Structures are given as C-alpha cells and as structure tokens.
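Presented below is the structure to which this report refers.
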Amino acid sequence: MFTIVLVAIGLAMDAFSASIALGGMKSKNFLITGVVSSVMFGVFQAVMPIIGWGIGETFKTLISGVDHWVAFLLLCVIGGKMIIEDMGSTKKQVKLPNVNLRLITMLALATSIDALVVGMGMAFIDVPLVLAVSVIGIITCILSLVGNYLGSKYCCYFQNKTGLVGGLALVLIGVKIVIDHLFFV
C-alpha cells in the first residue's frame, strides 16, 4: 500500500503543477474551476492506468521473466523525463487568458499519459488494480485541489519544482521494485 501511495503522489505531481498554474490564472469562478479541474485530473489519472494495465496484461506472458525490469525501466524513464524537464525548465509560469473545460480536459489528458505507462508496469508486478487506481485518483484529486489553492495564493514561489520531486519518487519506486524482486522474492 505504501508503494501505491508513493506512485500516486509521483504521478500526481504533473497534475499538481498544472493545478498551481490554473490557480494562478485567477479565473472568475475559482472554486468551480478548482473543483472541476481536480475531479478531471483525478478521473484521468485513475482511468489511464486501467488502460495501461489492459495493455500490460496482453503482453504479460511474453515478458514474465523480466517483468520487474520492465516496471523499473518504465518508472525510471518517466521519472527521469520529469526530472530532466524540471531541471531544464527556465520558463516562468505562463498565464493563459481563458480557463475553460477544453483547457482543463487537455491538461488532464496531458498530465495522465505517465499513468498509462505506469498502469502497464502494474500489470507486470500484479498490483491490485482497483485499489491502485482508487488511490491514484483520490490522491491526484486532493493534490490538485491543494495545487489550485496554492496557485491562487502563492503561484510565484513554486517555479515548477514539483516535477523534480515527482520524478525522483518514481525512480526510487522503480529501484525498490527491482531490489524487492532480486533480494526478497
């Protein structure tokens, strides 16, 4: 369960960052925007691992001997990408003029692509899917609400460092999976 929570937090960092940006846009209906975007982020983050899990289950028998390495590789690639993007980012927060359902949906989809790949990895290591996607969706929703609030109050202080934290969490989880498999199975 602890690993699932850490994965959920790592995956939620993109949505958290996007929520800070949305909150910083100071939309007219801040509360509605915050709730709608948080629910959308949570739903997308919960649905994408299900899709990824289905893909992973399809190929599971082909790679069952190296499944822990596949999960490790997927988590390290995603986490590494988040770290590199965060460390290479010099851009300031961009404020878009209109916060609407189309923008929120595009952000929810874009921030949940990583969850699709993690879902594939979950199929290889037999994670309880319903529990995992529930935790991922709920944590993403909560962190997105917090991000919206923080963005509305303190958007200038964050400077996109949540990608670094989320990326490190995913890489460390990948390392833990390999260590568990090599030494404790």
*Can Thr111 be described as within 15 Å of Ala21 (Cβ to Cβ), surrounded by 14 or more Cβ atoms within 10 Å (Cβ to Cβ) and either among the small types (Gly, Ala, Ser) or at pLDDT 80 or above (or both)?*
yes
*Of Phe59, Phe44, which residue is modelled with pLDDT under 90, at negative phi and part of a helix (DSSP H, G or I)?*
Phe59
*Do you know which of the residues in the range 81-108 that are more than 12 Å from the chain's Cα centre (by Cα), modelled with pLDDT under 75 and surrounded by 14 or more Cβ atoms within 10 Å (Cβ to Cβ) is nearest to Phe30 (Cα to Cα)?*
Val99
*Residues located in the range 1-32, provided they are in a helix (DSSP H, G or I) and small (Gly, Ala, Ser)*: Ala8, Gly10, Ala12, Ala15, Ser17, Ala18, Ser19, Ala21, Gly23, Gly24
*Is there any pair with a first residue in the range 92-115 that is among the basic types (Lys, Arg) and a second that is assigned to a helix (DSSP H, G or I) and modelled with pLDDT of 70 or more whose Cβ atoms are under 9 Å apart and which are 6 or more apart or on different chains, and what are they?*
Lys95/Ala21; Lys95/Gly24
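The values are calculated or read from the model by the stated rules, or taken from the named source; none is laboratory data. Treat the numbers as computed from the prediction; the structure is a model and nothing was measured. So basically every Cβ, Gly included, is an ideal-geometry build from the backbone, and we count neighbours across all protein chains shown.
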